[in-house]
1. Can you confirm whether Ile95 is of a type in the set (Val, Ile, Thr) and either modelled with pLDDT of 90 or more or under 12 Å from the mean Cα position of the chain (by Cα) (or both)?
2. Six or more apart or on different chains, Cβ atoms under 9 Å: show the pairs whose first residue is in the stretch 120-141 and among the acidic types (Asp, Glu) and whose second is at pLDDT 85 or above.
3. For residues in the stretch 146-161 being free of Cβ contacts under 8 Å to residues at least 40 places away in the same chain and not hydrophobic (A, V, I, L, M, F, W, C), which is farthest from Ile72 (Cα to Cα)?
4. Report yes if Ala29 is surrounded by fewer than 17 Cβ atoms within 10 Å (Cβ to Cβ) and either over 19 Å from the mean Cα position of the chain (by Cα) or modelled with pLDDT under 85 (or both), otherwise no.
5. Is it fair to say Gly164 is surrounded by fewer than 20 Cβ atoms within 10 Å (Cβ to Cβ) and in contact (Cβ under 8 Å) with a residue 12 or more places away in the chain?
6. Check whether at least one residue in the stretch 51-58 is surrounded by fewer than 17 Cβ atoms within 10 Å (Cβ to Cβ), of a type in the set (A, V, I, L, M, F, W, C), under 21 Å from Ile158 (Cα atoms) and at pLDDT 85 or above, and report yes or no.
7. Could you check, for the stretch 122-145, whether at least one of its residues is more than 21 Å from Tyr73 (Cα to Cα), assigned to a helix (DSSP H, G or I) and of a type in the set (Asp, Glu)?
8. Filter the stretch 114-128 down to the residues that are in contact with a helix residue (DSSP H, G or I) (Cβ under 6 Å, 6 or more places away or on another chain) and not aliphatic (A, V, I, L, M), then identify the one that is modelled with the lowest pLDDT.
Amino acid sequence: MGAIRKPLDPPSREQTAFLERAIEQYGKATYNFAYRLTRNEADARDLTQDAFIRVYRAWRSFVPGTSFLSWIYRIVTNLYRDELRRKKGRFQEEIPEDNAPQEFGGERPLAVNPIDEYVEGQLSEPLSRSLGMLSPDQRQVVILADIEEYSYQEIAEIMGCSIGTVRSRLHRARALLRRLVQKQQSQAQ
């Protein structure tokens with residue numbers, strides 16, 4: 001027979017309040033970050049929900065005085081990477097290497113998405129489209145550095161790598177993004 005499981009303790013008021021405050025204050029930013037990574041509304045919702053479940057379970061491990069947003073972005077990043085690894089064998093299209101652009105065939109969602117409208121309003125069309133062509137890791141480092149404006153140290157903590165790796169990935173991603181934007185602009189003319 002298997003081991004006897006002890007029933008989970010009911011959530012404390014403090015734990016529930018922590019989660020409610022976190023969702024209220026950081027839910028939208030977490031969803032937007034997840035959406036920028038996944039580029040899919042349903043996946044972003046699932047990723048956000050999974051991240052807040054992790055927050056709920058590990059709420060005592062959050063260190064007061066540190067950045068909650070960095071903590072939850074790290075959780076989202078790890079969940080996203082796990083999902084990419086799981087899905088890698090199930091899709092015909094391979095996940096690109098760190099330096100390879102990802103092609104989406106110019107497909108656009110049929111429904112209008114408020115986040116798409118916001119991003120397109122903030123970013124030029126060629127930049128927005130080019131950002132979507134980057135690999136997930138490249139897109140993430142550009143989003144964290146240039147859109148979310150995190151420091152290299154914070155990005156390293158979120159992505160679970162060294163500052164040198166962040167600098168290297170960001171340099172390569174920006175160079176590729178620049179080439180992709182120039183290509184988009186020349187095709188538009």
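1. Taking the combined requirement at face value, the residue does not satisfy it.
2. Asp137/Arg81; Asp137/Met159; Asp137/Arg169; Asp137/Ala173
3. Asp146
4. Answer is no for this residue.
5. It is false that Gly164 is surrounded by fewer than 20 Cβ atoms within 10 Å (Cβ to Cβ) and in contact (Cβ under 8 Å) with a residue 12 or more places away in the chain.
6. Yes - at least one qualifying residue is present in the stretch 51-58.
7. Within the stretch 122-145, one or more residues are more than 21 Å from Tyr73 (Cα to Cα), assigned to a helix (DSSP H, G or I) and of a type in the set (Asp, Glu).
8. Here the residue is Glu120.
The values are calculated or read from the model by the stated rules, or taken from the named source; none is laboratory data. Keep in mind that what you see is a predicted model, and the values were worked out from it rather than measured. Quick reminder, even Gly has a Cβ in these numbers, built from the backbone with ideal geometry, and neighbours come from all protein chains shown.
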